[in-house]
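The values are calculated or read from the model by the stated rules, or taken from the named source; none is laboratory data. Please read these numbers as outputs of a predicted model, since none were measured by experiment. All Cβ positions, even for glycine, are placed from backbone atoms using ideal geometry, and neighbour counts span all protein chains on display.
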């Protein structure tokens, strides 16, 4: 089933940062779509939960040099556990 996760990331800026995020997450089997907005540090990922996990997504972002936090509806973020 397709699911979505919305993350805030620090250090996301410019085309290079966007390309890095898209490449890191796009390499995960089961990731269907990645959308990133550098100006606010938002990364949205659509993924098939039968093929990809949130842990894989978080690890890929951390390996790419970003510190993801869970985006909330109120515009704040919540720290995620290390995986």
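Tabulated data for the structure shown
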read-out	value
Candidate set: segment 9-34, residues that are in a strand (DSSP E or B) and at pLDDT 95 or above; chosen: the one nearest to residue 67 (Cα to Cα)	34
Identity of the residue in segment 35-70, assigned to a loop (DSSP other than H, G, I, E, B) and in contact with a strand residue (DSSP E or B) (Cβ under 7 Å, 6 or more places away or on another chain), that ends up surrounded by the fewest Cβ atoms within 10 Å (Cβ to Cβ)	49
Close pairs from segment 8-37: first closer than 13 Å to residue 58 by Cα, partner loosely packed, with under 11 Cβ neighbours inside 10 Å, Cβ under 7 Å, at least 6 apart	24/63
